[in-house]
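Peer 1: First, the structure itself, so that you have it in front of you.
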Amino acid sequence: MSYIIDRRLNGRHKSMVNRQRFLDRYKSQIRESVADAASKRSITDIERGESVSLPTKDISEPTFHHGQGGARDMVHPGNKEFVTGDKIPRPQGGAGGKGNGKASNQGDGEDEFNFTLTQEEFLNFLFEDLALPNLIKRRLAGIETWEWQSAGIVSEGNPAKINIVRSLRAATSRRIALGMSKRRALREKEAELALLLSQDVCAANVARIAELREEITKLKLRLEKIPFIDTFDLRYNHHIKVAKPSAQAVMFCVMDVSGSMSQATKDMAKRFFLLLYLFLKRNYEKIEVVFIRHHTSAKEVDEQEFFYSRETGGTIVSSALKLMNEIVTARYPSDEWNIYGAQASDGDNWSDDSPLCQKILTEQLIPALQYFSYIEITPRQHQALWLAYEEVQAEHPDHFAMQQIIEPSDIYPVFRELFARKPA
Amino acid sequence: MTEHDNTANFISTGSEWSFPLIAEYDAAIKDIAHNEFGLDTYPNQIEVISAEQMMDAYASVGMPIGYHHWSFGKHFVSTENAYQRGQMGLAYEIVINSNPCIAYLMEENTMTMQALVIAHACYGHNSFFKGNYLFKTWTDASSIIDYLVFARNYIRKCEERYGVPEVEALLDSCHALMNYGVDRYKRPYPISAEEERLRQEDRETALQAQINELWRTIPISQKPDRNQDNARFPSEPQENILYFFEKNAPLLEPWQREILRIVRKIAQYFYPQRQTQVMNEGWATFWHYTLLNRLYDKRLVTDGFMLEFLQSHTAVVYQPTFDKPYYRGINPYALGFAMFQDIKRICQHPTEEDKHWFPDMAGSDWLATVKFAMQNFKDESFVQQFLSPKIMREFRMFSVLDDQKKDALHIGAIHDDSGFRQLRQSLSNQYNLSMNEPNIQVWAVNLRGDRSIILRHVREKGRPLADSSSAVLKHLHYLWKFDVHLECWEENKRISTISCTKEGVKTYTH
C-alpha cells in the first residue's frame, strides 16, 4: 500500500532559518555589497532584490581532500584516436583538469559565490542601524485612531463580558467567608452534642441535647441559605479605548529647479528622496509625499513634473519654505502628522533671501517638524544658504541636519550619516 | 498472460496528473514490480511538493528533517539562484532511505514524468535500499526519521542553552571531518528516538567520568608503572576521527560530544549512498525502463506516453564524451543502466565473448542475477565483477595516467583485448572511496605530556593534501583544544608536518 500525500500547502520556507543564518554569518561582506549597490544603482530599481557575490574561499567549508600533484589514473569515455602508450600534452588548467567529476562537484570552480537577496533583506541591510530621529509619535485628536485594549477585570459591565473563572472564584471566596463563623459554631455544637450523648442520661442533658439539636438544624439551614453565586460576585472583562499614536507621516520633498540644477544633480536629489521615502515607509503605515519645486516661486507638483520638467530662472528658496509652511498649516496639522522635510539644492540662492529662509525654518517650520534634512549637491564652495543653515543646525541639532553631496556614491553614506542611530 | 493485449485500456491519455491518477499508476507499477518481478520494497510514501520545497529538500542534503546550520542556507541560496536564473533544472524526485520509503514528486512534472519517477524512486531505489548489503548493514530505514527528529531537537536545545554561535562553530568543525566520521567495520543497531534520548543521558555522565579518568592528573599510585607510561594511545591507529574525538577529546563538554556523535551518525547513514552511486542509479534506471515498458506491453499507456518517457530516459542516460565542454566524468546513470542491461543481455543472449568472460552468468536466470548483483556489491566491486568488454567498447573507455613528474599525460589502457582488465581495474579504483579520500588516521596522543595529538596521512601515489587541510586542522584544534600535528608520510618517510597550535598553523618540511 502506498500513501500519497499532498505536501504543497505546508512547510514552505523550511530553509528560511538556515538562509538567515547564512546571511548573519556573512553580514559584514553583504553589507558592503549592499552599500556598493545602493550607490551605483539606477534610480528606479532601488526597491528590488540585490545580487550579492562573496569570494568562494571565504565561505568554503574545508575538508581533507587531495590537492594537485602526484600520479592519478582516470578512466574517460569517448576515445577516438588514442592507443595505449600515447603521450599527449597536458591540457591547460593543470593536472587532471579535464573531466574530474568529483572536483567539480565540490569546488564549483568559480571564484565568486553569487546569490540574490530578496527586496526585504536588501532593505534590511540598507537601513540597518538607522533610526528616525525624534520619533515622538504625535497623538491624534480624532476618534478614528482609538483602539480597544484589554484593561483587566472589573465588577461592573455587560453580561456578554462576564469572566466566568474570576466570577466563580469570587463566589467561592464569598461563600467561604460568609459561612466561616457558622461552620465554627456548628462544629462546637456538634462536639458538645457528641459529648452529651456519650454521658449518662439526666434531665438537664436531655433538655440541652434537644436545644443543641435545634440550633444545629438552624445553623445548617443558614449555611445552606448562603447563595451559590451573587450579583456581587460577578466579574467582567474590561476594555478601554486607547488613543493610538499617529502612524502617518508626510514627507516634503523640496527641490531647486532653477537653471543651475542640471539633470545629473536632479537625479542625485531623486535618489536621496527615494532612499528617504523607502526608509520612512518602513517606519510608518501610511505615508504621503508632497513635492515642492521652486525657482523664484514655488509650486506643488506631482512626481513626474517634480523630477523631469525643466525650468530656468533665478532662485528664491524662501518661496518653497513659505509654501511648505502653508501646506503644513492647511493640510497637515502637526498633532496628527509626523512631518519630515528634505530639501535638495545646489546651494544657489538670492543672497538677501537666505536670512529669510533661516527665519521661516526656525520660527515656523521646525517647531512643527520631526526632522528636516538639507543636502547640497555641489562640488563648489558653500554660499550664503549653507551658512544660514549652519546657524539653524547649531540652534536645533536634534531636528535639523545638513550634508554635502558631490557625486552619486556619496548619497548613501550621507544618508546613513543623516539618519545614523545616535546613542540615546 | 498474453504479451500483447489487443484491447487498450489506457490509465490516462492527457499530460495532466491528478491524485487519483497517481494512485492508479502506482497500483499498476506496483503490480508489475511485485508480482511479475518480485521486487522487495518498503511501503511507499509519495509526497507531492512544489519547486520551492524541492529546493528546501536539496539544501538539507536529502534529510527530510534537518537541524539548522548556515551551510544548509548556503546550499539553498545557491540552488535557488541557479534555478531562478535557469542555470539548472531541479531533479524530478528525491527519495529517502526510510521505512516507509519517502519519495518527493515535483508538482511541475507531467503525468508521464510522475509515473517515471514512481517507477524509478518508489520501486527502483526503494528495492535497492531494502536489498543492498551496505544499506542493510549500515543504515536503519525504520529508525532514521526518529533519529533525525532527536538530532534536531537536541541541537535546538543546545542552541537555547549555549547560544547559536557556540553550537554553529562546533558543527562547522564536525562537518569538516564528516568524511572521517565513518565506522567501516562496526555495525550500528537500531533504536527509537525515546531510547536514544535516554541513552544519551546515560552516555553523557558515563562518558565524562571516563574522560576524567583518562586525563586525571593526580597519580594513582606512588610508583607509576613504566610500561603504562610508554604504552601507546590509541593502541592502534584510528580511522574514525570523529569517533575518536567524541570518546577521547580532553576538554569537550558532554553536549559537544553528543553533537559530534550526531554528525558522525548522519555521515554513517549517507556512507552507503556514497559507495553505491552507479549501482543505485543504475538499478533505479534499469527498473523504471523495464517497468514502464511492461506498462506499454500491457497496453496501459499510450504511444505518446512512451515517447515522452523515452525522450527523458535518453537524456538521463546520456554520456557526453571526454572532449565535450559539459563533460563531468562518467555519468553514473549511464554506466549503471548500461551494466544492468548488459547483465540481462549476457543472461539471455550470451555471445562467445560473454561465455569466456562470464561463464557463470551466461545463460542463467537474468532476474536472479541482477538481484544478486544489486544485493551483494558496491560500485567498486560491482565494476570489478560485472563490467563487460562490450560496455567498455560502447563507452569507448580509455585510461589516462596523469603523473605530475612527467611532462605529458600517458594513455594507459584502451578498449581493446589487452586493455580490458586494466581498464576495469582502473575504473573500479576510481569508485573506491578509500582511494579517493586521503588516508588520514589518528596515530598517537601524548597522554602525559602536552596532550597533543598526532595524525598521519599516508600518501597514495605521491598525491599531496589540498591547501584547505590547514583550515581543517584548525577545526581539529578547536575540538581537541591542544596542539594538533598532521604528519604526511610517503613510503615510510616523513615528508612534512602541519602543526596547529595556539599560535596558528605552521608547515614544516622534513
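Peer 1: May I ask you to say which residue of B:Thr285, B:Thr302 is over 16 Å from B:Ser127 (Cβ atoms) and not hydrophobic (A, V, I, L, M, F, W, C)?
Peer 2: Criteria check complete, one pass: B:Thr302.
Peer 1: While we're on this one: Could you please find all residues in segment B:49-61 being at the interface with another protein chain (Cβ under 9 Å from one of its Cβ atoms) and surrounded by fewer than 20 Cβ atoms within 10 Å (Cβ to Cβ)?
Peer 2: B:Ser50, B:Glu52
Peer 1: Is there a residue in segment A:206-216 that is basic (Lys, Arg) and part of a helix (DSSP H, G or I)?
Peer 2: Yes: one or more hits.
Peer 1: Return the residues of segment B:62-83 that are farther than 19 Å from A:Phe113 by Cβ and either more than 7 Å from chain A (Cβ to nearest Cβ) or of a type in the set (Gly, Ala, Ser) (or both); say none if nothing qualifies. Break it down into steps so the answer makes sense when it comes.
Peer 2: Just the residues of segment B:62-83 that are farther than 19 Å from A:Phe113 by Cβ, to begin with: B:62-68.
Within segment B:62-83, B:Gly62, B:Met63, B:Pro64, B:Ile65, B:Gly66, B:Tyr67 qualify.
Peer 1: While we're on this one: Looking at (1) modelled with pLDDT of 80 or more; (2) more than 11 Å from chain B (Cβ to nearest Cβ); (3) not in a loop (DSSP other than H, G, I, E, B), which is the one condition that is false for A:Ile88?
Peer 2: Exception for A:Ile88: condition (2).
Peer 1: Residues to consider are B:Thr302, B:Thr351, B:Thr321; find the one that is without any contact (Cβ under 8 Å) to a residue 40 or more places away in the chain, surrounded by fewer than 22 Cβ atoms within 10 Å (Cβ to Cβ) and at negative phi.
Peer 2: Result of the check over B:Thr302, B:Thr351, B:Thr321: B:Thr351.
Peer 1: Give the residue that is surrounded by the fewest Cβ atoms within 10 Å (Cβ to Cβ), with candidates limited to residues of segment B:86-103 that are touching a helix residue (DSSP H, G or I) at 6+ places or on another chain (Cβ under 6 Å), at pLDDT 70 or above and more than 13 Å from B:Phe129 (Cα to Cα).
Peer 2: B:Tyr92
Peer 1: I'm trying to understand the selection: among the residues of segment A:246-296, which are closer than 22 Å to A:Gln403 by Cβ and hydroxyl-bearing (Ser, Thr, Tyr)?
Peer 2: Of everything in segment A:246-296, those that are closer than 22 Å to A:Gln403 by Cβ and hydroxyl-bearing (Ser, Thr, Tyr) turn out to be A:Ser258, A:Ser260, A:Ser262, A:Thr265, A:Tyr277.
Peer 1: Is it the case, given these coordinates, that B:Ile29 is within 30 Å of B:Lys298 (Cα to Cα), crowded, with 22+ Cβ neighbours inside 10 Å, within 10 Å of chain A (Cβ to nearest Cβ) and over 25 Å from the mean Cα position of the chain (by Cα)?
Peer 2: yes
Peer 1: Another one. So, B:Gln375, is that one within 21 Å of the chain's Cα centre (by Cα), at pLDDT 90 or above and more than 22 Å from A:Met74 (Cα to Cα) or not?
Peer 2: Numbers: within 21 Å of the chain's Cα centre (by Cα): yes; at pLDDT 90 or above: yes; more than 22 Å from A:Met74 (Cα to Cα): yes.
Answer is yes for this residue.
Peer 1: Would you be able to say whether some residue in segment A:167-185 is modelled with pLDDT under 70 and either of a type in the set (Lys, Arg) or in contact with a Cys (Cβ under 7 Å, 6 or more places away or on another chain) (or both)? Lay out the reasoning, then the answer.
Peer 2: Step one: of segment A:167-185, the residues modelled with pLDDT under 70 are none.
No.
Peer 1: Using beta carbons and a limit of 6 Å, which pairs, at least six apart or on different chains, have the first residue in segment A:400-412 and modelled with pLDDT of 80 or more and the second one part of a loop (DSSP other than H, G, I, E, B) and crowded, with 21+ Cβ neighbours inside 10 Å?
Peer 2: Every condition considered, no pair remains.
Peer 1: Further, regarding this structure: I'd like to know if segment B:415-424 contains one or more residues that are within 20 Å of A:Asn79 (Cα to Cα), under 25 Å from the mean Cα position of the chain (by Cα) and modelled with pLDDT of 90 or more. Before you say what the answer is, go through the steps one by one.
Peer 2: Let us first name the residues in segment B:415-424 that are within 20 Å of A:Asn79 (Cα to Cα), namely B:415-424.
Those left that are additionally under 25 Å from the mean Cα position of the chain (by Cα): B:423-424.
If we keep only those that are modelled with pLDDT of 90 or more too, we end up with B:423-424.
Checking segment B:415-424: at least one residue is within 20 Å of A:Asn79 (Cα to Cα), under 25 Å from the mean Cα position of the chain (by Cα) and modelled with pLDDT of 90 or more.
Residues checked against (1) touching a residue at least 60 places away in the same chain (Cβ under 8 Å); (2) within 30 Å of A:Arg282 (Cβ to Cβ); (3) surrounded by 12 or more Cβ atoms within 10 Å (Cβ to Cβ):
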{"residue": "A:Leu196", "(1), (2), (3)": "no, no, yes"}
{"residue": "A:Val201", "(1), (2), (3)": "no, no, no"}
{"residue": "A:Val206", "(1), (2), (3)": "no, no, no"}
{"residue": "A:Ser258", "(1), (2), (3)": "yes, no, yes"}
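Peer 1: In addition: From B:His175, B:His120, B:His125, which residue is part of a helix (DSSP H, G or I) and farther than 26 Å from B:Pro100 by Cβ?
Peer 2: Details: B:His120 fails: farther than 26 Å from B:Pro100 by Cβ; B:His125 fails: farther than 26 Å from B:Pro100 by Cβ.
The unique qualifying residue is B:His175.
Peer 1: Is it the case, given these coordinates, that B:Tyr42 is modelled with pLDDT of 85 or more, in contact with a Cys (Cβ under 6 Å, 6 or more places away or on another chain) and aromatic (Phe, Trp, Tyr)?
Peer 2: Yes: the conditions hold for B:Tyr42.
Peer 1: Go through (1) outside any loop (DSSP other than H, G, I, E, B); (2) surrounded by fewer than 17 Cβ atoms within 10 Å (Cβ to Cβ) for B:Cys158 and report which single condition fails.
Peer 2: The one condition B:Cys158 does not meet is (2).
Peer 1: How many residues are aromatic (Phe, Trp, Tyr), assigned to a loop (DSSP other than H, G, I, E, B) and surrounded by 11 or more Cβ atoms within 10 Å (Cβ to Cβ) if we restrict to segment A:222-243?
Peer 2: Residues in segment A:222-243 being aromatic (Phe, Trp, Tyr), assigned to a loop (DSSP other than H, G, I, E, B) and surrounded by 11 or more Cβ atoms within 10 Å (Cβ to Cβ): 0 in total.
Peer 1: Quick check on B:Phe270: is it under 14 Å from B:Leu455 (Cβ atoms) and either modelled with pLDDT of 85 or more or assigned to a helix (DSSP H, G or I) (or both)? Can you show your working first?
Peer 2: Working: under 14 Å from B:Leu455 (Cβ atoms): no; either modelled with pLDDT of 85 or more or assigned to a helix (DSSP H, G or I) (or both): yes.
Here the answer is no, as B:Phe270 does not meet what is asked.
Peer 1: Ok, one more. Would you mind listing the helices (runs of 4 or more DSSP H) fully within segment A:6-70 where at least 3 residues are of a type outside the set (Gly, Ala, Ser), under 30 Å from A:Phe279 (Cα atoms) and modelled with pLDDT of 80 or more?
Peer 2: Numbers: elements: A:16-25, A:27-40, A:56-59.
By residue number, A:16-25, A:27-40.
Peer 1: What pairs come out if I take residues in segment A:4-33 that are more than 7 Å from chain B (Cβ to nearest Cβ) and pair them with residues that are part of a loop (DSSP other than H, G, I, E, B) whose C-beta lies under 8 Å away, six or more apart or interchain?
Peer 2: What qualifies is A:Arg31/A:Glu128.
The values are calculated or read from the model by the stated rules, or taken from the named source; none is laboratory data. Because the structure is a prediction, the values reported are computed rather than measured. No Cβ is skipped: glycine too gets one built from the backbone with ideal geometry, and neighbour counts run over all protein chains shown.
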